[in-house]
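Asker: Below: one structure in C-alpha cells.
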C-alpha cells in the first residue's frame with residue numbers, strides 16, 4: 001500500500017505512477033488530482049517579503065488515482081468521475097464500480113504504485129549528493145559515477161554491457177535505479193555534457209536516424225552536384 005501520509009513531488013508522482021511529466025501536469029489541469037503546497041520554513045520569503053509557497057505535492061492516494069486515470073483514460077469523463085467518487089467512498093476497496101458494466105481493479109493500481117515506490121526508495125538509497133564529490137553532482141554511493149550521466153548513456157542507446165565494462169562498480173540493477181531516479185529528479189537548466197558530469201566517451205560511432213529521407217550516400221551526391 002502506498003504511504004498516504006507521505007507527500008511526493010509531481011516528478012516523483014510520475015515515476016511512481018508510470019506517467020510522463022506532461023501527463024501528470026495534464027491530470028492536474030483536469031483536476032484529476034489536486035496538489036497541495038508543501039510547507040516552507042518560516043524564514044523562507046519571496047522578494048516582496050511574503051512567505052513563499054512550497055512546491056506542489058501529491059499524496060500516495062493521488063498516485064493511485066493517477067495510475068487508475070491512465071488506465072481508463074479512454075472512457076467518458078462522467079464514468080471516470082464515478083470511479084474516483086467510489087474510490088473516495090471506499091479507500092480500501094479492491095474493486096470499484098463506475099456503473100453496472102465497468103468494474104475497475106483498484107488493488108492492481110495500488111500494487112503497481114507500491115512496487116514503483118519501493119524501487120524509487122531503493123534508488124534514493126543508492127544515489128546521493130556530496131558537495132565534496134564532483135561539486136555535488138548526484139553519484140552512486142561509494143563511487144564518483146554520476147547518475148545523470150549513466151541515465152543519459154542508457155537513453156542514447158549505449159549497450160548495458162558496454163556501460164558495465166566501463167564502470168565495473170555498477171550492475172544492471174543500479175542502471176535501472178538510475179533511470180527511475182532521474183525521472184523523479186529531473187535536472188533543471190541546460191543539460192550538462194558527459195565530460196562536465198565526469199564521464200569520458202570510450203568510443204564513438206555514427207548511427208543513421210530512422211526515417212532519414214537522405215542517407216549519407218544520397219547527401220554526398222547532392223553535395224557533389226552543387
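Asker: With the structure loaded, tell me whether residue 120 is in contact (Cβ under 8 Å) with a residue 60 or more places away in the chain and touching a helix residue (DSSP H, G or I) at 6+ places or on another chain (Cβ under 9 Å) or whether it fails that test. Please lay out each step first, then the result.
Answerer: Working: in contact (Cβ under 8 Å) with a residue 60 or more places away in the chain: yes; touching a helix residue (DSSP H, G or I) at 6+ places or on another chain (Cβ under 9 Å): yes.
Yes: the conditions hold for residue 120.
Asker: Let me ask another. Within region 155-172, track down each residue that is surrounded by 12 or more Cβ atoms within 10 Å (Cβ to Cβ), in contact with a helix residue (DSSP H, G or I) (Cβ under 8 Å, 6 or more places away or on another chain) and outside any loop (DSSP other than H, G, I, E, B). Before you say what the answer is, go through the steps one by one.
Answerer: Of all residues in region 155-172, those surrounded by 12 or more Cβ atoms within 10 Å (Cβ to Cβ) come to 158, 160, 162-164, 166-167, 170-171.
If we keep only those that are in contact with a helix residue (DSSP H, G or I) (Cβ under 8 Å, 6 or more places away or on another chain) too, we end up with 160, 163-164, 167, 170-171.
160, 163, 164 - these are the residues of region 155-172 that are surrounded by 12 or more Cβ atoms within 10 Å (Cβ to Cβ), in contact with a helix residue (DSSP H, G or I) (Cβ under 8 Å, 6 or more places away or on another chain) and outside any loop (DSSP other than H, G, I, E, B).
Asker: Now for a separate question. So which of 147, 122, 165 ends up being in contact with a strand residue (DSSP E or B) (Cβ under 9 Å, 6 or more places away or on another chain) and at pLDDT 95 or above?
Answerer: Details: 122 fails: in contact with a strand residue (DSSP E or B) (Cβ under 9 Å, 6 or more places away or on another chain); 165 fails: in contact with a strand residue (DSSP E or B) (Cβ under 9 Å, 6 or more places away or on another chain).
Unique residue meeting the criteria: 147.
Asker: Let me ask another. Restricted to region 127-154, and to residues that are outside any loop (DSSP other than H, G, I, E, B) and free of Cβ contacts under 8 Å to residues at least 12 places away in the same chain, which residue is farthest from residue 184 (Cα to Cα)? Give the steps one after another, and end with the answer.
Answerer: Filtering region 127-154 for residues outside any loop (DSSP other than H, G, I, E, B) gives 127-128, 134-136, 139-140, 146-154.
Cutting the leftovers down to free of Cβ contacts under 8 Å to residues at least 12 places away in the same chain gives us 135-136.
Details: 135: 21, 136: 18 Å.
Only one residue tops the list, namely 135.
Asker: For region 94-118, which residues satisfy the criterion of being closer than 28 Å to residue 180 by Cα and exposed (fewer than 14 other Cβ atoms within 10 Å of the Cβ)? Spell out how you get there, then give the answer.
Answerer: The initial filter retains those residues of region 94-118 that are closer than 28 Å to residue 180 by Cα, namely 94, 104-118.
Those that are closer than 28 Å to residue 180 by Cα and exposed (fewer than 14 other Cβ atoms within 10 Å of the Cβ): 94, 105, 115, 118.
The values are calculated or read from the model by the stated rules, or taken from the named source; none is laboratory data. Keep in mind the model is a prediction, meaning the values are calculated, not measured. Every residue, glycine as well, gets a Cβ built from its backbone with ideal geometry; the counts of neighbours run over all protein chains shown.
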